[in-house]
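Report on one structure; see the data block that follows.
None of the figures in this text is laboratory data; all of them are computed from the coordinates on show. All values derive from a computational prediction rather than experimental measurement. Using ideal geometry, Cβ is built from the backbone for each residue, glycine included, and neighbour counts are taken over all protein chains shown.
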Amino acid sequence: MNYCPNCGTKITKNQDFCLGCGKALKNNYSLPNSNIETSDDLKIFYAIISLFFPIVGAIMYYLFKKTNLEIAKTCNMFSWLGFLIMFLLIFWWLPFIFVK
Ligand SMILES: [Zn+2]
């Protein structure tokens, strides 16, 4: 026996709509592109992690690519930015280390 994810009313497998609240049940499972609301706080959190740990950001990009494209894009963008900053810092300090 299944239950409606919205209101908890018992539902059968062939039911298209919940009898309790009217929520469309089949679309829930067949639509992978359902627009999941992503909070800005969460995006900023992943952006900061990707910026300081670009490798972690790259891994998170692959993990979120199928489930949450918005976070995946954020991770991808900021991990590249993190890589860029790391390279710039390394090449900026390298001459100073060897001159000494
Ligand atoms: Zn319901």
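Kindly state, to the nearest 0.05, the FRET efficiency for SER39 paired with ILE59, given R0 = 22 Å and r defined as their beta-carbon distance. List each step's numbers first, then the result.
Numbers: r = 21 Å, r/R0 = 0.98.
So, using R0 = 22 Å, E works out to roughly 0.55.
Estimate the FRET efficiency between LEU94 and THR67 by the formula 1/(1 + (r/R0)^6), using the beta-carbon distance for r and 41 Å for R0, to the nearest 0.05. Walk me through the intermediate numbers first.
Numbers: r = 40 Å, r/R0 = 0.96.
Between LEU94 and THR67 the formula returns 0.55.
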Fewest-first ranking of TYR61, TYR46, TYR3, using other Cβ atoms within 10 Å as the exposure measure: TYR3, TYR61, TYR46
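Quick check for the chain: number of Lys pairs with alpha-carbon distance under 13 Å, counting only pairs 8 or more apart or on different chains? Don't jump to the answer; show the numbers that get you there.
On the way: LYS10/LYS23; LYS13/LYS26; LYS43/LYS73; LYS65/LYS73.
Within the chain, the lysine pair count is 4.
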Cα pair distances in the chain, grouped into 5 Å bins until the bin that holds the longest one, percent each: 2, 13, 15, 12, 10, 10, 10, 9, 7, 4, 3, 2, 2, 2, 1, 0
